[in-house]
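Working notes, beginning with the structure itself.
The values are calculated or read from the model by the stated rules, or taken from the named source; none is laboratory data. No experiment lies behind these values; they were computed from the predicted model shown. Reconstructed Cβ throughout: ideal geometry from the backbone, glycine too, with neighbour counts over all protein chains shown.
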């Protein structure tokens with residue numbers, strides 16, 4: 001059985017930079033040009049100062065594992081388990097966390113505070129930001 | 001009985017099962033009728049209806065019945081009704097009703113929560129699951145990574161607790177073991193718990209999402225649970241000892257499961273005690289939302305029954321939270337033992353215990369104060385219930 005397709009985000013004007021930035025190797029977050037804070041999930045305004053002067057900003061794509069779980073339940077037919085679902089805190093974007101998968105290593109090698117970097121997985125024009133361990 | 005207060009005057013519940021053939025509207029009416037009989041009220045005295053989250057057409061099993069349907073089916077002459085998901089959590093529906101009767105908008109409100117998730121899965125023709133091609137809203141930030149279930153979201157809070165405070169699986173297991181033990185004494189839990197869970201069975205069961213094994217997750221259930229909320233100046237119409245809604249709280253900081261460090265139980269728990277003269281020491285029993293086993297631990301800590309981080313050690317061995325312990329928890333079996341009643345089971349049981357109607361599972365002494373909670377992740381709601 002072929003692995004199932006990942007659930008596909010419905011693109012809109014606000015989330016498109018996040019879900020398609022990987023085409024240029026960019027992890028885009030919504031950043032305020034006035035106060036410098038990030039708004040994630042993205043909005044058409046800054047959730048810190050309500051400025052509408054927000055735009056996509058590419059962050060380094062590195063971070064650390066904030067928390068995680070090893071998922072054993074196949075939520076879709078053909079989904080290979082186990083795999084790691086993690087929350088990554090991103091370098092250079094204080095207060096922003098991404099739910100993601102940690103890939104390219106055995107699940108038992110994943111731990112809190114591990115340093116990770118983004119690796120994009122493309123599927124029909126969506127660039128899913130997954131993460132792998134650094135070093 | 002104070003006029004400007006709200007009371008729970010009746011509780012009721014339908015048959016609780018898995019893949020029940022009975023129509024969910026009929027299950028709802030079964031629960032309504034039991035609650036009316038319990039309160040000594042008749043339908044013509046009901047003038048309000050409230051539910052959570054209201055009918056959800058895209059996933060009928062999750063919420064197959066709306067408050068307007070109950071008004072229509074029972075011929076209620078309603079002066080106030082409500083059903084909405086955009087509020088802190090399931091038991092916020094009871095809180096809304098309490099506010100409505102305090103405002104004088106109505107006198108006796110049927111609050112209900114009907115679930116038909118097992119029955120709907122078994123009958124996709126009548127209850128089609130809408131499977132959208134795309135995900136949007138909050139789920140777009142989790143589902144694309146197969147974090148589709150709240151089990152995976154909640155598991156990450158539990159993993160953090162283990163990492164930071166040293167909670168062990170053996171400690172966590174006490175939530176499910178306690179639930180199973182209590183469910184064995186609850187006749188309405190027979191379809192969900194048939195034999196008592198052992199630690200060995202727990203530790204060897206299959207993993208869902210670490211640290212949660214199968215027994216740490218509630219299961220789809222078909223049932224309806226009703227709580228009748230009455231105005232303080234309408235108590236002469238009821239025939240039982242009412243239970244006062246002594247305080248309520250609810251909070252949402254971020255409407256997001258992955259942008260908050262801990263579940264909202266901490267803030268909601270703290271807030272509850274700012275609205276009453278009661279303290280945690282006065283509480284005789286707690287009924288804490290346990291859709292996943294870690295959640296009651298957040299409520300124990302959030303409401304100050306133990307320090308933050310001490311929840312695992314607080315429940316170690318299970319004697320403290322047992323039905324004859326110092327703080328009986330989920331005496332009906334919780335959702336883990338008695339089915340995914342989705343929040344309302346906790347209020348139902350708190351009232352049952354405060355009235356001494358728990359039968360075989362009745363806690364000892366003369367309980368006067370209980371806490372019932374609902375929610376998980378970034379949303380939470382709590383009720384303080386008192387027989388005073």
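Brief remarks follow.
- Any chance residue B:321 is touching a strand residue (DSSP E or B) at 6+ places or on another chain (Cβ under 6 Å), outside any strand (DSSP E or B), in the same structural domain as residue B:178 (by TED's automatic domain parsing) and in contact (Cβ under 8 Å) with a residue 60 or more places away in the chain: yes
- Residue in the stretch B:306-314 that is crowded, with 24+ Cβ neighbours inside 10 Å and either closer than 17 Å to residue B:182 by Cα or in contact with a strand residue (DSSP E or B) (Cβ under 9 Å, 6 or more places away or on another chain) (or both) present: no
- Filter result (out of contact with any helix residue (DSSP H, G or I) (no Cβ under 8 Å at 6 or more places or on another chain) and either in a loop (DSSP other than H, G, I, E, B) or facing chain B (nearest Cβ under 9 Å) (or both)) within the stretch A:1-17: A:1, A:2, A:3, A:4, A:5, A:12, A:13, A:14
- Filter result (more than 9 Å from chain A (Cβ to nearest Cβ) and in contact (Cβ under 8 Å) with a residue 12 or more places away in the chain) within the stretch B:129-153: B:129, B:130, B:150
- Qualifying residue in the stretch A:114-130 (condition: more than 15 Å from residue A:6 (Cα to Cα) and within 11 Å of chain B (Cβ to nearest Cβ)): no
- Qualifying residue in the stretch B:147-154 (condition: in a helix (DSSP H, G or I) and surrounded by fewer than 20 Cβ atoms within 10 Å (Cβ to Cβ)): yes
- Residue match in the stretch B:253-261 (condition: surrounded by 19 or more Cβ atoms within 10 Å (Cβ to Cβ), at pLDDT 95 or above and within 17 Å of residue B:343 (Cα to Cα)): no
- Test for residue B:36: is it at pLDDT 95 or above, surrounded by fewer than 19 Cβ atoms within 10 Å (Cβ to Cβ) and part of a helix (DSSP H, G or I): no
- Qualifying residue in the stretch B:183-196 (condition: in a loop (DSSP other than H, G, I, E, B) and either at pLDDT below 95 or within 14 Å of chain A (Cβ to nearest Cβ) (or both)): no
- Test: residue A:106 is at the interface with chain B (Cβ under 9 Å from one of its Cβ atoms) and over 18 Å from residue B:141 (Cβ atoms): no
- Screening residue A:111 with (1) over 22 Å from residue A:3 (Cα atoms); (2) more than 10 Å from chain B (Cβ to nearest Cβ); (3) modelled with pLDDT of 95 or more gives one miss only, at (2).
- Residue selection: residue B:176 satisfies the criterion of being touching a helix residue (DSSP H, G or I) at 6+ places or on another chain (Cβ under 6 Å), assigned to a helix (DSSP H, G or I) and either in the same structural domain as residue B:309 (by TED's automatic domain parsing) or surrounded by 16 or more Cβ atoms within 10 Å (Cβ to Cβ) (or both).
- Residues satisfying the stated conditions in the stretch A:72-95, i.e. closer than 21 Å to residue A:18 by Cα and either within 8 Å of chain B (Cβ to nearest Cβ) or without any contact (Cβ under 8 Å) to a residue 60 or more places away in the chain (or both): A:85, A:86, A:87, A:88, A:89, A:91, A:92, A:94, A:95
- Residue check: residue B:26 meets all listed conditions (1) free of Cβ contacts under 8 Å to residues at least 40 places away in the same chain; (2) under 24 Å from residue B:245 (Cβ atoms) but one, namely (2).
- Where residue B:228 falls short, out of the listed (1) crowded, with 20+ Cβ neighbours inside 10 Å; (2) under 23 Å from residue B:151 (Cβ atoms); (3) more than 14 Å from chain A (Cβ to nearest Cβ); (4) in contact with a helix residue (DSSP H, G or I) (Cβ under 6 Å, 6 or more places away or on another chain): (2)
- Filtered residue count, the stretch B:260-296, keeping only those that are over 29 Å from residue B:138 (Cα atoms), in contact with a strand residue (DSSP E or B) (Cβ under 6 Å, 6 or more places away or on another chain) and in a helix (DSSP H, G or I): 1
- Selection status of residue B:132, assigned to a loop (DSSP other than H, G, I, E, B) and not assigned by TED's automatic domain parsing to the domain that holds residue B:225: yes
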